[in-house]
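Report on the following structure.
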Amino acid sequence: MLAEVRDTKASMWISASAGTGKTKNLIDRILALLLDGAVPSQILCLTYTKAAANEMLERLSSYLRKIYLMKDSEIIAELNTLGFSKHYLKRFKELYEQSLKNDWVNIQ
């Protein structure tokens, strides 16, 4: 995860051409915010099209579903990849169940 993406103290704007990793960076940013304890319904992620918003939400949901099914050791390895310690394990595992509720992240 890029350091700028991991720094959750400020808002973030990404502008780049197709295929440069914008969606991945935005999803990583949402994950960083959620792992740091942000209230999901207070996260607003804007994109240019409804199709892109739907794709981003699907990617986030699929990723969290994948994490939910992993063994703890695999989740810890994923956390390390994202720049988080194993102390976030419980929070990471809870995100999938939280994503199934109505007050989830706003991607529009």
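The values are calculated or read from the model by the stated rules, or taken from the named source; none is laboratory data. This structure is a prediction, so every number in the text was calculated from the model and none was measured. We place every Cβ from the backbone using ideal geometry, glycine too, and count neighbours over all the protein chains shown. These area figures cover heavy atoms from the full protein model, side chains too; ligands, DNA and RNA do not enter into them. Shrake-Rupley method; radii C 1.70, N 1.55, O 1.52, S 1.80 Å.
Counting only protein heavy atoms, what percent of the accessible surface of the chain is carbon or sulfur at a 1.4 Å probe?
53
At 1.4 Å probe size, with no ligands or nucleic acids counted, give the accessible surface of Tyr68 in Å², nearest ten.
100
So what is the calculated 222 nm ellipticity per residue for the chain, using -39500 (n - 2.57) for each DSSP H run with n of 4 or more, over all residues, to the nearest 500 deg cm²/dmol?
-17000 deg cm²/dmol
Report the accessible area of Ser73, computed with a 1.4 Å probe over the heavy atoms of all protein chains in place, in Å² rounded to the nearest 10.
About 80 Å², ignoring ligands and nucleic acids.
In debye to the nearest 20, how big a dipole does the chain give about its Cα centre with +1 on each Lys and Arg Cβ and -1 on each Asp and Glu Cβ?
In total the dipole reaches around 60 debye.
May I ask you to list the residues of segment 16-54 whose amide nitrogen lies under 11 Å from a point 7 Å from Cα along the Cα→beta-carbon direction of Gln108?
44-47
Over the chain, with the other protein chains present, what is the accessible area per residue in square angstrom, probe 1.4 angstrom?
Here the per-residue accessible area is 64 Å².
Against the longest alpha carbon principal axis of the chain, how many degrees, from 0 to 90 and to the nearest 10, is the axis of helix 89-99 turned?
50
How far is helix 22-35 tilted, in degrees, relative to the longest principal axis of the Cα atoms in the chain, given as a value from 0 to 90 rounded to the nearest 10?
Helix 22-35 sits at roughly 40 degrees to that axis.
Under 21 Å between alpha carbons: how many lysine pairs meet that in the chain, if sequence neighbours fewer than 8 apart on the same chain are excluded?
Final tally of qualifying lysine pairs is 17.
Convex hull volume of the Cα atoms in the chain, per residue, in Å³?
With only Cα atoms used, the chain gives 102 Å³ per residue.
Taking Cα atoms, how many degrees apart are the long axis of helix 50-69 and the longest axis of the chain, rounded to 10 and kept between 0 and 90?
Helix 50-69 sits at roughly 10 degrees to that axis.
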